[in-house]
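Working notes for the structure below.
Throughout, read-outs are computed from the coordinates displayed, never taken from laboratory work. All values derive from a computational prediction rather than experimental measurement. Cβ placement follows ideal geometry from the backbone for every residue including glycine, while neighbour counts extend to all protein chains displayed.
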Amino acid sequence: MTAVSMTVNGKPVTADVEDRTLLVYFLRETLRLTGTHIGCDTSQCGACVVHVDGKAMKSCTMFAVQAEGAQVTTIEGLAKDGKLHPVQEAFRDNHGLQCGFCTPGMIMTAVDMIRRKGAMDRDTIRHELEGNICRCTGYHNIVSAIEDASKRMTEKVA
Amino acid sequence: MITYPFTYKRAKSVAEAETLLKATSESKLLAGGQTLIAAMKMRLANPPELIDISGIKELNYIRVGGGQVAIGAATIHYDVATSAEVAKAIPALAHLAGVIGDPAVRHKGTIGGSVANNDPAADYPAAVLALGATIKTNKRAIKADDFFTGMFSTALEDGEIITEIAFPIPEKAAYKKFANPASRYAMAGVFVAKFKDGIRVAATGAAPCVFRVPEMEAALAKNFTPDAVANIAVDASNMNSDLHGSAEYRANLVTVMAKRAVAEAA
Ligand SMILES: Cc1cc2nc3c(=O)[nH]c(=O)nc-3n(C[C@H](O)[C@H](O)[C@H](O)COP(=O)(O)OP(=O)(O)OC[C@H]3O[C@@H](n4cnc5c(N)ncnc54)[C@H](O)[C@@H]3O)c2cc1C
Ligand code: FES
Ligand code: FES
């Protein structure tokens with residue numbers, strides 16, 4: 001066992017884990033943050049995407065010990081003071097989900113791409129979503145939600 | 001999926017990684033983990049110890065100068081894809097890094113890990129071979145032509161750590177990839193580079209190991225246009241055949257990607 005410490009959604013956490021504990025299990029089972037999902041478990045689907053030091057990463061393809069000292073943000077960390085994050089709002093407004101299984105990963109990926117690229121056209125959004133799979137929506141409304149959010153968020157800054 | 005148990009160690013320098021590698025036989029380097037962790041979860045790999053080199057500062061840099069682009073082994077794909085310096089010196093290399101996998105993979109995967117792994121469908125090997133790059137390790141410098149020895153195999157010896165890949169800056173270059181729509185790995189990718197003293201063409205994804213296409217190089221040296229390669233076909237009997245595409249299909253893709261790459265570079 002190794003003692004691992006990191007900051008998750010702004011709170012410092014420390015726990016003893018086996019070195020082989022994947023970050024996604026650490027989040028879900030040790031911290032009980034079950035918003036981060038495991039879809040494929042083979043690095044393909046993006047349901048497990050979280051931010052590590054501000055960058056989107058697949059938490060099923062990373063060990064918890066690799067996040068020692070890191071700032072980790074999960075879907076639970078996006079809403080502030082009871083107010084949804086603009087990307088969460090946009091997913092609701094645009095009907096960007098059906099069963100919702102892929103949604104945490106889609107939203108974390110969307111927040112990351114908007115941070116990097118600002119307002120985007122639909123084609124760019126589709127390319128940026130290459131690592132996220134949705135079984136339900138056919139992507140159309142997910143792309144609309146991200147397009148909408150990227151406009152709202154960049155207008156606010158401007 | 002859960003891997004077999006192992007001990008995790010973090011190296012702060014190349015020297016420390018070297019010492020740790022020597023101490024335990026069968027220990028493995030961990031860089032971005034985007035290949036190794038997946039293999040360990042499938043229990044195809046079972047190293048008793050992992051030595052994490054991803055945080056080593058002396059392995060994380062991009063330096064442009066002296067006619068080359070030198071990239072530290074632990075540099076992530078995202079940093080190469082978004083480097084203004086790389087985009088200016090070898091735009092095709094920045095483009096290549098930006099079409100590897102997806103954004104989350106590019107935030108973690110490294111150039112050293114990709115080159116050491118030599119996946120038949122990986123992108124970087126095409127750039128390394130076509131640009132005639134030098135692979136620097138803790139022990140020596142290896143020329144690209146001597147480095148890729150077969151499917152998932154390289155000239156690296158036990159305990160050898162890639163520290164840098166140095167790419168000579170060409171006059172012109174382009175990379176064209178036909179990505180597998182599901183995995184994003186290359187079904188075929190062709191990198192064409194034009195230097196003052198010659199042309200180099202390398203193809204990845206199509207065969208068990210990245211390879212040069214001497215007939216195309218000779219034709220392009222005389223006439224650097226897409227037409228020059230349009231009728232040059234690689235031998236289908238050397239290509240991969242699987243559920244994603246037959247050997248003939250891949251052989252054809254090599255010609256098509258080569259044409260597109262020359263059109264872009266010319
Ligand atoms: C969903 C997905 C899609 C992908 N798509 C693509 C794609 O389209 N194109 C592509 O090229 N790749 C693709 N990849 C692979 C990705 O680029 C990996 O990052 C890369 O192959 C391995 O790099 P890594 O840093 O993650 O290495 P790791 O997984 O950490 O290591 C891989 C191997 O290299 C060894 N190693 C690592 N660093 C060194 C070093 N410095 N010296 C010596 N040995 C070392 C390790 O011991 C291990 O054996 C994809 C991966 C995923 C998960
Ligand atoms: S669960 Fe991590 S990518 Fe699918
Ligand atoms: S909404 Fe069901 S998987 Fe995407």
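Tell me, what is the Rg over Rh of the stretch B:2-155, with Rh the Kirkwood radius over Cα pairs?
0.95
Treat each spin label as a single point 7 Å out from the Cα along the C-beta direction, and report the residue B:145 to residue B:61 distance in nm.
2.9
Taking K and R as +1 and D and E as -1, what net charge do the other residues with C-beta under 14 Å from the C-beta of residue A:42 add up to?
Every neighbour counted, the sum reads +2.
With labels modelled as points extended 7 Å from the Cα through the Cβ direction, what inter-label distance (nm, one decimal) is found for residue B:15 paired with residue A:117?
So the two model labels end up 4.4 nm from each other.
Among the listed pairs B:12/B:143; A:151/B:108; B:57/B:172; A:58/B:9, which are separated by more than 25 Å between their Cα atoms?
B:12/B:143; A:151/B:108; B:57/B:172
Along each of the three principal axes of the Cα atoms of the stretch B:111-261, give the extent in whole Å, ordering the values from largest to smallest.
Projected onto its principal axes, the Cα set of the stretch B:111-261 covers 43, 40, 24 Å.
Counting only Cα atoms, I'd like the Rg/Rh figure for the stretch B:172-265, Kirkwood definition for Rh.
Looking at the stretch B:172-265, the ratio lands at 0.96.
Residue A:63's amide H: which non-local residues (gap 5+, or another chain) put their own amide H closer than 5 Å, with H modeled 1.01 Å from N in plane and none for Pro or chain starts?
Amide H neighbours of residue A:63: A:23.
Which Rg and Dmax, in Å, describe the Cα atoms of chain A?
15.4, 48
Among the aspartates and glutamates, which fall within straight-line cross-link reach of residue B:259, defined as a Cα-Cα distance under 20 Å, with same-chain neighbours fewer than 8 residues apart omitted?
Excluding near neighbours in sequence, the set is B:123, B:171, B:215, B:217, B:227, B:235, B:248.
Among rounded, prolate and oblate, which fits the stretch A:86-157 when a ≥ b ≥ c are the square roots of the eigenvalues of its C-alpha gyration tensor, a/c under 1.5 means rounded, and a/b larger than b/c means prolate?
The shape class here is prolate.
Give me the Å³ per residue figure for the convex hull around the C-alpha atoms of the protein assembly as shown.
Taking only Cα atoms, the protein assembly as shown has a hull volume of 147 Å³ per residue.
I need the peptides A:69-78, A:6-15 ranked by packing, meaning the mean over residues of other C-beta atoms within 10 angstrom, with the highest value on top.
Result, highest mean first: A:69-78, A:6-15.
Can you tell me the order of A:142-153, B:61-72, B:124-135 when each peptide is scored by its average per-residue count of other Cβ atoms within 10 angstrom, highest first?
Those peptides, ordered most packed to least, come out B:124-135, A:142-153, B:61-72.
Students often check this: by mean Cβ neighbours within 10 Å, which of A:25-38, B:96-109, B:189-202 ranks highest, and how do the rest follow?
So the peptides A:25-38, B:96-109, B:189-202, ranked by packing, come out B:96-109, B:189-202, A:25-38.
Treat every Asp and Glu Cβ in the stretch B:1-52 as -1 and every Lys and Arg Cβ as +1, leave all other atoms uncharged, and give the resulting dipole magnitude about the Cα centre to the nearest 20 debye.
Using only the charged Cβ atoms, the result is roughly 120 debye.
Translational D (Stokes-Einstein, µm²/s) of the stretch A:2-77 at 10 °C and 1.306 mPa s when Rh comes from the Kirkwood sum over C-alpha pairs?
D, rounded to a whole number, is 133 µm²/s.
Under the rule of at least 5 residues apart or a separate chain, name every residue whose amide H is placed under 5 Å from the amide H of residue B:142.
B:135, B:136, B:137
From Cα pairs below 8 angstrom and at least 6 apart in sequence, can you work out the relative contact order of chain B, rounded to a whole percent?
RCO, chain B: 14 percent.
Assuming R0 = 56 Å, what is the FRET efficiency of residue B:218 and residue A:92, from their Cβ-Cβ distance, to the nearest 0.05?
Calculated value: 0.40.
Taking beta carbons within 10 Å but only from partner chains, what does the mean come to for residues B:104-117?
Per-residue shielding by partner chains comes out at 4.
Hey, what do the phi angles of the stretch B:73-81 turn into as Karplus ³J(HN,Hα) couplings, whole Hz, using 6.51/-1.76/1.60 and θ = phi - 60°, x for Gly and Pro?
4, 8, 6, 6, 4, 4, 5, 6, 5
From Cα pairs below 8 angstrom and at least 6 apart in sequence, can you work out the relative contact order of chain A, rounded to a whole percent?
So the answer I get is 24 percent.
Using the Karplus curve 6.51 cos²θ - 1.76 cosθ + 1.60 with θ = phi - 60°, work out ³J(HN,Hα) for each residue of the stretch B:7-17 in order, rounded to whole Hz, and write x for Gly and Pro.
9, 9, 10, 10, 8, 9, 8, 4, 4, 5, 4
When Cβ neighbours within 10 Å are restricted to other protein chains, what is their mean count per residue of peptide A:60-67?
Mean partner shielding for this stretch: 6.
Tell me, what is the FRET efficiency for residue B:249 and residue A:11 to the nearest 0.05, using R0 = 41 angstrom and their Cβ-Cβ distance as r?
Once the sixth-power term is evaluated, E becomes 0.20.
With n ≥ 4 as the cut-off for DSSP H runs, can you work out [θ] at 222 nm for chain B, using -39500 (n - 2.57) per run divided by the number of residues, rounded to the nearest 500?
Counting only the DSSP helices, I get -9000 deg cm²/dmol.
Please list 3J(HN,Hα) in residue order for the stretch B:149-161, calculated via the Karplus relation 6.51 cos²θ - 1.76 cosθ + 1.60 where θ = phi - 60°; whole Hz, with x for glycine and proline.
Per-residue couplings from phi come out as 9, x, 4, 6, 10, 9, 6, 4, 9, 4, x, 8, 10 Hz.
Just add up the charged neighbours of residue A:130: K/R +1, D/E -1, any other residue whose Cβ is under 9 Å from the Cβ of residue A:130.
Once all neighbours under 9 Å are counted, the net charge is 0.
Can you list, bin by bin at 5 Å, the percent of alpha carbon pairs in chain B, starting at 0?
1, 6, 13, 18, 19, 17, 12, 8, 4, 2, 1, 0
Can you give the mean number of other chain Cβ atoms that lie within 10 Å of the Cβ atoms in peptide A:35-46?
3
Remind me, relative contact order of the stretch B:1-52 in percent, using alpha carbon pairs under 8 angstrom and six or more residues apart?
57
Treating each Cα of the stretch B:7-71 as an identical point scatterer and ignoring solvent, apply the Debye formula and state log10 I(q)/I(0) at q = 0.21 Å⁻¹.
-0.85
Considering only DSSP beta bridges where both residues belong to the protein assembly as shown, give the percentage that are antiparallel (nearest 5).
85
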